[in-house]
Every structure is written in C-alpha cells, then in structure tokens.
Amino acid sequence: MTRVAVIGAGSIGANIAYRLAARGAEVTVVDAGKPGNGTSAASISWLSTFPQIAGSVPAMVAHRRRTNDGFRRLAGEIGDGWIHWTGTLTWADLPRTAARLRQDFAAMTAMGEPLRELDADAVRAAEPALDPPPDTPVYLEEDGGWVDAPAMVAALLRGAGRHGATVLQDAPVLAVKADGDRHVVRTPEGEVTADVVVNAAGSWASHVGALAGAPVPLDLRPGLVVWSRPLATPIGRVINSTTLNIRPDPDGGVAVHWRGEDTYTAHGYNAETPAQVIEAAAEVIPELRGTAPARSAVGVRPVPPGGPVVGWHPSRPGLYVAVSHGGIGWGPTWGDLAAAAILDGDTSPAAEAFTPRRFFR
C-alpha cells in the first residue's frame, strides 16, 4: 500500500487526499491550521468556463471543459450539499471589453458551450434584485455556479476518513527530509513517514518546497472578499461584471470580490475598505445601498508563473506538486491527475505543460 503525506487541506489537498484514499492509498493529511479555513474560505469559489477558456492554451481548455463533470461525479460520491448549480450572468460595460466578450461568446457557442445572450429586461425578470447597465448584452452561462468551499473540504475529508485517511490539523510543517526511498514530514505533533509527499500548500507551497529543497516559484495575490447582510430579495446566480464578482451566500446575502480592473486582467488591486466593496456592489444590487458589510476576509491566491504547477518535482524524487490559482474549481481535476500519477505511474500528455520541470534547466 502506497503511503502518501498530503501537505495542505484546502480544496486541492482535500481533493487529492480523498481520491488517493478512495483508491486504496494510506493517506495522512497535514495542515498548519483548520482544514478549508485558509484561502479556500476567502474565495468567491465560482465555477465557470466563460470567458476563461476562450484563447487559453489547449491543455487548459481540455481540462477546463471537463471540470463540471468532475464536480458532478464528486458530489455523487461524497454528497452534494456544498455545490450550487445556479449559472452565471456575465456582462461588460466598457466598450473594448464588451467587444472581446462578444468575440469569446461567439467562439465558445461554436464550441458547444451552453451560453445564451439576454437583454436587461430578461435579466431583471430572472433576477429582480439586479440592476444591470442599460443597453449592455448579458451572457447567461447555464452550466456553472459556485461552491461552499469549507463545506466541500469537510465532506472530502470525511470521505477520505471513511477510507482510512488521517487528518492532522494545527500541525505546521517544520521539515521535509529524505530517508532512503522514504520521506519524513516533521510537525510539532510528530513525524509522518511516507513513500510520496504531495505539496498542496497553496500560497505556502513555496515555503514547503524550500523545506524539501524543491523550489516552487509563485506570485502571491491577496484578494479581499466581503460578505453582505441578508437581502430581502436574494440573488440566485453568480454575477461576473467588468469589475465585480458576486455570488449568493447560504445566509441570503452575497459574497463580493471587487477585482478593481477589467474582466481580462489578472487580480491585483483591492478596495481600501470592505465598505467600498459593498458600495461598488450596490451599483448592481440597489438594495445594498447604505448597508454595512457583515464580514470580510483576505485570501492569498497562489499564481504560479505560466499557469498551474501540477506534477512530479525534478529536484526531489517522490515529491508531487499541485498548486494553482482557482484551486477550488480545479480541485477535482488535480485530484484525478495526482492519483493517476502516484498510484498508476500515469502522466497525462495534456498535463505536460503544467509540470514543475518547466522552471528548471
């Protein structure tokens, strides 16, 4: 039986731990805090392919188009109370962005993606709480929604536990040492000996890599997410506007990320205060005007140069790396790839672009 130590119990680590344990590996999950309470809990956790896959590299497109099927399969295995197939409404009220969005809409409908164009009246009929900009096309992506990430992580780890996995929480990694063909992960709670170590530590993956002598380059992008108080007229769908991502929250309010830039730019800026985020969201949801935030959190997103880093590390045999931006949406995909690589020796040709080897000469 293959013994695996999974470092990190966010979305990616929990998905990998569950898939490995379900397939018969002896799994120990090690997390520096409470599982699912890091960046996974401070995320919009939105499931969408539009417009993300338009113009993406082929490897990303191939995997992204199977993402929702992966979530449906996972929900069938561990229960589905954490996933919400609401669909997404996307629009852009800047002329240049709107033109590119229309091009991507045409390209993706030609690929068979389930997208429809709506006018503002149709949007208001479907979502009475919304006030979209006038004379602006709105695109409905029906096959998508959002994830309650902490609930998903809890369900994954319960599922892994049913297959014999052990979870060590509040156990920061102090060292990752080689011992012949084995690896030893040292924590304040003691040592974990494994045949394979998975570095799924998210924004801490560079530090864990350094402890193992296996560098993992990362850019870190902190993102402020703000939750509103419950709304009298809740929204039902995820909203992706030019500068805002908004999704429903289980308590009847919304979670809001103000990206501060255009739809097609990388996350970088943040509003100075949570109140400013709610004020910006009120332009789309008028009921929010004059209300105070219920709470806020900052999630530190790991953004590897050139895209996800998923695969065996060339500097350390037996060390598998799985870190990416959008870790919630990619979690089941990376879980499947990791299990195939670790237990079957199978490396998907479509994932070659993701391997850590690209950072080394």
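The values are calculated or read from the model by the stated rules, or taken from the named source; none is laboratory data. As the structure is a prediction and not an experimental result, all values here were calculated from the model. Glycine also receives a Cβ, built like all others from the backbone with ideal geometry; neighbour counts cover every protein chain displayed. Please note that ligands, DNA and RNA were not included when accessible areas were found on the heavy atoms of the full protein model with its side chains. Shrake-Rupley method; radii C 1.70, N 1.55, O 1.52, S 1.80 Å.
When ranked by the protection proxy of mean other Cβ atoms within 10 Å per residue, highest first, what sequence do the peptides 85-94, 226-235 form?
Working: 85-94: 19.9, 226-235: 17.4.
Per-residue Cβ counts within 10 Å, averaged per peptide and sorted highest first, yield 85-94, 226-235.
If you place +1 on the Cβ of every Lys and Arg, -1 on the Cβ of every Asp and Glu, and leave all else neutral, what size is the dipole of the stretch 286-356 about its Cα centre, to the nearest 20 Debye?
On the way: 4 positive and 5 negative charges, 93 e Å.
Around 440 debye, computed over the stretch 286-356.
Return the whole-Å distance between the Cα centroid of the stretch 201-276 and the Cα centroid of the stretch 277-337.
One Cα centre to the other: 7 Å.
On alpha-carbon atoms, Rg over Rh for the stretch 1-145 using Kirkwood Rh? Provide the component values of the computation, followed by the final result.
Numbers: Rg = 18.9 Å, Rh = 17.8 Å.
With Rg and the Kirkwood Rh in hand, the quotient comes to 1.06.
Please give the charge dipole size of the stretch 230-361, origin at the Cα centre, charges +1 on K and R Cβ atoms and -1 on D and E Cβ atoms. Round to the nearest 20 debye. Please list the in-between numbers first.
On the way: 10 positive and 12 negative charges, 81 e Å.
About 380 debye.
If you average the C-alpha positions of the stretch 112-190 and of the stretch 1-52 separately, how far apart do those two centres end up, in angstrom?
Value for the Cα centre distance between the two parts: 10 Å.
If the only charges are +1 at each Lys and Arg Cβ and -1 at each Asp and Glu Cβ, what is the size of the charge dipole of the chain around the Cα centre, to the nearest 20 debye?
Details: 31 positive and 37 negative charges, 184 e Å.
For this selection, approximately 880 debye.
Any number yet on Rg/Rh for the chain, C-alpha, Kirkwood?
Working: Rg = 20.6 Å, Rh = 21.0 Å.
We get a ratio of 0.98 for the chain.
What percentage of the solvent-accessible surface of the stretch 60-190, computed with a 1.4 Å probe over protein heavy atoms, is contributed by carbon and sulfur atoms? Before the final figure, lay out the partial values.
Working: 3120 of 6350 Å².
Accessible surface attributable to carbon and sulfur in the stretch 60-190 totals 49 percent.
Mind checking Rg over Rh on the stretch 262-328, alpha carbons, Kirkwood formula for Rh?
Values: Rg = 18.2 Å, Rh = 15.4 Å.
With Rg and the Kirkwood Rh in hand, the quotient comes to 1.18.
Looking at the chain only, what percent of DSSP beta bridges run antiparallel? Nearest 5 please. Write out the running numbers ahead of the final one.
On the way: 44 of 62 bridges.
The answer is about 70 percent antiparallel.
Going toward the positive end of the dipole of the chain, with +1 on Lys and Arg Cβ and -1 on Asp and Glu Cβ, which of Met108, Val27, Ala178 do you reach last?
Checked the options; the winner is Ala178.
From the residues Leu224, Ala92, Ala155, which one has its Cα farthest along the dipole of the chain in the positive direction, the dipole being from +1 and -1 charges on Cβ of Lys/Arg and Asp/Glu about the Cα centre?
Checking the options against the dipole of the chain, the answer is Ala155.
Rank by packing, highest mean first: peptides 138-148, 182-192, 3-13, with packing defined as the count of other Cβ atoms within 10 Å averaged across residues. Show your work: numbers first, answer last.
Details: 138-148: 21.5, 182-192: 16.4, 3-13: 29.8.
Order by mean packing, descending: 3-13, 138-148, 182-192.
Heavy-atom accessible area of Phe71 with all protein chains present, probe 1.4 Å, nearest 10 Å²?
Answer for Phe71: close to 0 Å² accessible.
Full extension from Asp346 to Gln169: what is 0.36 nm times the residue separation minus their Cα-Cα distance, to one decimal in nm?
Values: separation 177, 0.36 × 177 = 63.72 nm, distance 3.03 nm.
60.7 nm is the gain from fully extending Asp346 to Gln169.
Taking 22 Å as R0, compute the FRET efficiency from the Cβ-Cβ separation of Thr109 and Arg73 and round it to 0.05. Kindly include the intermediate steps, with their values, before the conclusion.
Numbers: r = 25 Å, r/R0 = 1.16.
So, using R0 = 22 Å, E works out to roughly 0.30.
At what distance in nm do the modelled label points of Glu261 and Glu117 sit from each other, each positioned 7 Å from its Cα along Cα→Cβ?
For the pair Glu261/Glu117, the computed spacing is 2.8 nm.
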